[in-house]
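Inspection log for the structure reproduced underneath, given as structure tokens.
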Amino acid sequence: ILELRSGRSDLVISGGVDTFNDIFMYMCFSKTPALSPTGDARPFDHQGDGTILGEGLGMVVLKRLSDAVRDGDRIYARILSIGTSSDGKGAAIYAPTAAGQQRALQDAYQLAGISPSTIELVEAHGTGTAVGDATELQALQEVYSRGGSQPAGCALGSVKSQIGHTKAAAGAAGLIKAVLSLHHKVQPPSIKIREPLPELQNENTPFHIESSPRPWIRRPDSPRRAAVSSFGFGGSNFHAILEENSPGRTETDWQQLARLFAFSASSKQKLQHQLEQIRTAVTADVSQLQLDAIAQDSRARFRNHDEHRLTITQDIEKSIEALLDEALRTLAEEKDPNWNLPSGIDRGSGPARGSLAVIFPGQGSQRVDMLRTTCCRFPEMVQVVDDAECAFWNEQGEAGLASKIWPPRSWNQEEGAQEEALRRTDVAQPAIGAVSLGLYRVLGQFGIEGDMFGGHSFGELTALAASGRIRETDFHQLANFRGRLMARAGGSDAGSMLAVALPIEELERFVLDNCPRLVIANRNAPQQAVLSGPQSAIADAMGILDQRGIRNQKLPVAAAFHSAEVASAADPFQEILKKARFHPSKAPILANSTGREYPQDEDAARDLLAH
């Protein structure tokens with residue numbers, strides 16, 4: 001860093017190397033209480049009893065930001081500052097002190113000119129020793145709590161749980177992990193955590209530990225930032241502050257997911273030839289990276305307008321050779337050129353058959369962690385949820401839409417409270433809208449586009465956005481307004497909804513005879529509909545239906561939608577809609593209430609959406 005700042009160097013290769021795990025090294029570590037007697041490293045777990053030794057080599061290329069931008073380099077992250085300190089004289093060379101570590105942290109944040117409250121990921125030194133982890137956690141808790149960090153606002157982890165303590169290479173390993181987290185917009189999990197240290201289970205702690213990858217959605221008031229700690233024997237302490245270079249993610253993560261091979265040609269013979277070429281190529285001892293490249297190349301060459309098409313979706317645990325053999329065999333024996341196999345092989349020819357209708361879900365479909373893995377892998381989803389988070393902040397005066405969709409891992413069995421927080425109407429509607437539109441954008445990258453659109457209840461608003469009838473920025477704002485208005489409309493009893501498996505005509509008679517305070521809100525199918533109304537009337541209806549043996553299910557919603565309970569939200573929503581521009585539709589959108597296409601006239605469309 002100093003070489004770059006002074007101008008003595010324009011490019012620096014830095015890192016750490018350690019391959020020195022011989023008998024002498026183990027003997028030295030055995031003289032300390034650092035090694036795990038159970039032979040495992042479990043940083044920040046209450047059963048952590050020491051570390052294990054690893055070997056590693058990690059190198060990074062450092063340049064001044066202006067030079068990297070000028071040269072067109074791929075920039076993974078920016079280094080804002082590095083804080084340093086020394087513990088000074090202590091009890092032992094291997095005994096850490098919280099005060100010394102705090103000085104390194106404070107130095108880093110002072111040099112960067114930022115608050116610890118803007119850090120959302122800490123890659124800790126985290127060796128797995130009881131004393132070391134407790135000391136480091138004490139220092140972190142003190143600095144972050146004093147800096148105004150929100151409860152569970154920052155993910156905490158240590159790469160040593162995965163590769164052990166690589167000694168001289170440990171700092172480089174932690175740095176690379178944090179840099180890649182910023183680049184891919186994912187908070188990585190920590191493994192081997194059965195029960196975190198008691199301090200991490202306190203509801204006021206600034207930290208949380210994840211057991212699976214978590215989407216890292218951008219805060220509207222700050223770029224994504226991470227911190228990396230590296231503490232050495234003798235009390236040499238270092239703490240680096242990193243920041244993302246760009247807010248958007250650019251690459252899809254196919255690792256350990258699946259491979260998609262796509263082939264197209266003007267004739268069946270040419271299609272067979274392509275498959276045979278790939279089959280020959282993968283017969284050799286190809287690596288996983290080479291298979292990824294072959295799959296990517298096949299997708300780049302694919303043309304959906306070619307007469308003959310075939311795709312293979314390969315589960316990474318299955319053999320691509322076997323799938324190619326199956327595809328070639330079935331292709332040779334086919335009588336109809338349109339078929340698919342359970343193994344993930346799909347064949348098509350000629351123009352697309354029929355039209356594709358896209359239906360978006362409404363409130364009640366939400367669940368905690370919905371599409372979590374999708375958002376960790378696809379940049380299209382990240383972009384939509386980033387925008388939704390910004391709108392949630394601007395319209396509702398708070399951040400945290402993403403933290404309600406994908407809340408920090410609860411180690412105290414708080415799943416019920418998390419579901420309840422997401423069920424709130426003012427949260428559920430923008431949340432469902434964000435992930436629904438995000439998933440549609442992901443499908444668009446595979447060439448999947450709707451020929452007509454519709455939506456169940458709130459999903460109609462998402463359908464208008466997906467079809468291009470309203471802009472995405474307007475969509476996120478309207479989703480927030482609609483959710484807030486409906487949350488307020490019900491007063492102390494916002495009511496509820498009940499799905500009933502009865503023919504519509506019979507349900508109409510049932511309502512008239514037994515529960516006139518309820519209305520049929522959704523006619524979902526000839527044999528299934530949804531009742532809506534006050535909580536007490538819903539409870540009465542459930543009792544009668546149960547007595548008669550009629551299947552029914554109370555919906556996980558926060559209000560009696562499509563009933564008089566929330567009717568007061570219609571007029572204010574119509575006023576808000578006047579500010580939104582309705583664009584000409586490229587594809588028909590079918591309305592919930594009429595079953596007919598949305599009118600092209602803007603005012604008529606607004607009136608239909610409001611009511």
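Tabulated results
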quantity: Residues that are of a type in the set (Gly, Ala, Ser) and in a loop (DSSP other than H, G, I, E, B), drawn from the stretch 572-606; calculated: Ala580, Ser585, Ala587, Ala591, Ser593, Gly595
quantity: Wholly enclosed helices (runs of 4 or more DSSP H) of the stretch 339-428 bearing at least 3 residues without any contact (Cβ under 8 Å) to a residue 24 or more places away in the chain; calculated: 415-423
quantity: Members of the stretch 454-473 that are among the aliphatic types (A, V, I, L, M) and within 23 Å of Asn522 (Cα to Cα); calculated: Leu461, Ala463, Leu464, Ala465, Ala466
quantity: Residue count, the stretch 294-314 (criterion: at pLDDT below 95, surrounded by fewer than 17 Cβ atoms within 10 Å (Cβ to Cβ), touching a strand residue (DSSP E or B) at 6+ places or on another chain (Cβ under 6 Å) and outside any loop (DSSP other than H, G, I, E, B)); calculated: 1
quantity: Every pair of residues 6+ apart whose Cβ atoms lie under 7 Å, when the first sits in the stretch 117-136 and is closer than 24 Å to Pro223 by Cβ while the second is part of a helix (DSSP H, G or I); calculated: Leu121/Ala178; Leu121/Ser181; Val122/Leu140; Glu123/Gly174; Glu123/Lys177; Glu123/Ala178; Ala124/Glu136
quantity: Residue within the stretch 72-80 that is farther than 21 Å from His183 by Cα and aliphatic (A, V, I, L, M) present; calculated: no
quantity: Condition met for Ser229 (of a type in the set (Ser, Thr, Tyr), closer than 21 Å to Gly171 by Cβ and in a strand (DSSP E or B)); calculated: yes
quantity: Meets criteria (among the small types (Gly, Ala, Ser), assigned to a strand (DSSP E or B) and touching a helix residue (DSSP H, G or I) at 6+ places or on another chain (Cβ under 9 Å)) for Ala155; calculated: yes
quantity: Of all residues making up the stretch 553-593, the number that are touching a residue at least 24 places away in the same chain (Cβ under 8 Å) and either among the hydroxyl-bearing types (Ser, Thr, Tyr) or on the phi > 0 side of the Ramachandran plot (or both); calculated: 4
quantity: Residue within the stretch 540-554 that is farther than 20 Å from Gln363 by Cβ, in a loop (DSSP other than H, G, I, E, B) and among the small types (Gly, Ala, Ser) present; calculated: yes
quantity: Subset of the stretch 466-485 (residues that are basic (Lys, Arg) and either in a helix (DSSP H, G or I) or more than 23 Å from Ala604 (Cβ to Cβ) (or both)); calculated: Arg482, Arg484
quantity: Residues satisfying the stated conditions in the stretch 429-465, i.e. closer than 14 Å to Phe475 by Cβ, of a type in the set (Gly, Ala, Ser) and not in a helix (DSSP H, G or I); calculated: Gly455
quantity: Top-ranked residue in the stretch 490-531 [being in contact with an Asp or Glu (Cβ under 7 Å, 6 or more places away or on another chain), in contact (Cβ under 8 Å) with a residue 40 or more places away in the chain and on the phi < 0 side of the Ramachandran plot; ranked as surrounded by the most Cβ atoms within 10 Å (Cβ to Cβ)]; calculated: Gly490
quantity: Every pair of residues 6+ apart whose Cβ atoms lie under 9 Å, when the first sits in the stretch 312-324 and is touching a residue at least 60 places away in the same chain (Cβ under 8 Å) while the second is part of a helix (DSSP H, G or I) and exposed (fewer than 13 other Cβ atoms within 10 Å of the Cβ); calculated: Ile316/Gln288
quantity: Residues that are within 27 Å of Asp292 (Cβ to Cβ) and either touching a Cys at 6+ places or on another chain (Cβ under 9 Å) or assigned to a strand (DSSP E or B) (or both), drawn from the stretch 232-257; calculated: Asp253
quantity: Condition broken by Asp387, with the remaining ones in (1) over 26 Å from Asn592 (Cα atoms); (2) in contact with a Lys or Arg (Cβ under 9 Å, 6 or more places away or on another chain) satisfied; calculated: (2)
quantity: Residue tally, condition exposed (fewer than 14 other Cβ atoms within 10 Å of the Cβ) and not in a loop (DSSP other than H, G, I, E, B), over the stretch 26-44; calculated: 4
quantity: Candidate set from the stretch 90-124 (those that are under 25 Å from Pro215 (Cα atoms) and in contact with a strand residue (DSSP E or B) (Cβ under 6 Å, 6 or more places away or on another chain)); member that is surrounded by the most Cβ atoms within 10 Å (Cβ to Cβ); calculated: Ile119
quantity: Set Thr38, Thr51, Thr97: member being assigned by TED's automatic domain parsing to the domain that holds Ala227 and free of Cβ contacts under 8 Å to residues at least 24 places away in the same chain; calculated: Thr38
quantity: Leading residue by the ranking (surrounded by the most Cβ atoms within 10 Å (Cβ to Cβ)) among those in the stretch 225-234 that are within 14 Å of Lys167 (Cα to Cα) and among the small types (Gly, Ala, Ser); calculated: Ser229
quantity: Members of the stretch 168-211 found to be basic (Lys, Arg) and at pLDDT below 95, listed by number; calculated: Lys192, Arg194
quantity: Output for the stretch 548-596, where each listed residue is modelled with pLDDT of 95 or more and among the polar types (S, T, N, Q); calculated: Asn552, Gln553
quantity: Matching entry among Pro361, Pro342, Pro337, Pro351 (being touching a Gly at 6+ places or on another chain (Cβ under 9 Å), surrounded by fewer than 20 Cβ atoms within 10 Å (Cβ to Cβ) and more than 21 Å from His476 (Cβ to Cβ)); calculated: Pro337
quantity: Among the residues listed as Leu502, Leu531, the single one being of a type outside the set (Gly, Ala, Ser), in a loop (DSSP other than H, G, I, E, B) and in contact with a helix residue (DSSP H, G or I) (Cβ under 8 Å, 6 or more places away or on another chain); calculated: Leu502
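Each row is one residue, and each column tells you yes or no for (1) buried (at least 17 other Cβ atoms within 10 Å of the Cβ); (2) not in a helix (DSSP H, G or I).
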residue: Arg259; (1), (2): yes, yes
residue: Phe263; (1), (2): yes, yes
residue: Leu275; (1), (2): yes, no
residue: Asp292; (1), (2): no, no
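The values are calculated or read from the model by the stated rules, or taken from the named source; none is laboratory data. As the structure is a computational prediction, the values presented were derived from the model and not from experiment. As a convention, Cβ positions derive from the backbone with ideal geometry for all residues, glycine included, and neighbour counts pool all protein chains shown.
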